Amino acid sequence: MTVRRLLVVLMVVVSVVVAFATIRAYRSSCVSYEPGLRGEVKRGQDGTLLYFSGQCWTGQPVAPNDTPF
């Protein structure tokens, strides 16, 4: 009976860890959904730079989409 309870608890813990990892992977990196132009940069209220990705404001710079050749 104890082994069965241990297995149930272990399965619940594994399920919670998998759910947490899945939610964290799909969480949006958007800081704000205010309008802007792709590539636009502004300072946030806390002094950090925010970049507009074409959909929302993020804390990560937008990758260039042009090539020199």
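The values are calculated or read from the model by the stated rules, or taken from the named source; none is laboratory data. Because the structure is a prediction, the values reported are computed rather than measured. Methodologically, a virtual Cβ is constructed for each residue, glycine included, from the backbone with ideal geometry; neighbour enumeration extends over all protein chains shown. To get the accessible areas, we keep the full protein, side chains included, count just its heavy atoms, and leave off ligands, DNA and RNA. Shrake-Rupley method; radii C 1.70, N 1.55, O 1.52, S 1.80 Å.
Taking 30 Å as R0, compute the FRET efficiency from the Cβ-Cβ separation of Asp66 and Leu10 and round it to 0.05.
Details: r = 52 Å, r/R0 = 1.72.
Computed FRET efficiency for Asp66 and Leu10: 0.05.
Carbon and sulfur: what percent of the chain's accessible surface (1.4 Å probe)? Working shown, then result.
Details: 4000 of 6260 Å².
C and S fraction of accessible area: 64 percent.
For the chain, what does -39500 (n - 2.57) per DSSP helix run (n ≥ 4), summed and divided by total residues, give at 222 nm, in deg cm²/dmol to the nearest 500? Don't jump to the answer; show the numbers that get you there.
Details: 1 runs with 25 residues, N = 69.
Per the formula, -13000 deg cm²/dmol.
Taking Cα atoms, how many degrees apart are the long axis of helix 2-26 and the longest axis of the chain, rounded to 10 and kept between 0 and 90?
Result, in degrees: 10.
Identify which of the listed values of semi-axes √(5λ) of the Cα gyration tensor in Å was calculated from the structure shown: [x] 43, 15, 9; [y] 31, 14, 4; [z] 27, 13, 10.
The listed entry that was calculated here is [x].
Give me the accessible area per residue for the chain, probe 1.4 Å, as a whole number in Å². Walk me through the intermediate numbers first.
Numbers: 6260 Å² over 69 residues.
Value returned for the chain: 91 Å² of accessible area per residue.
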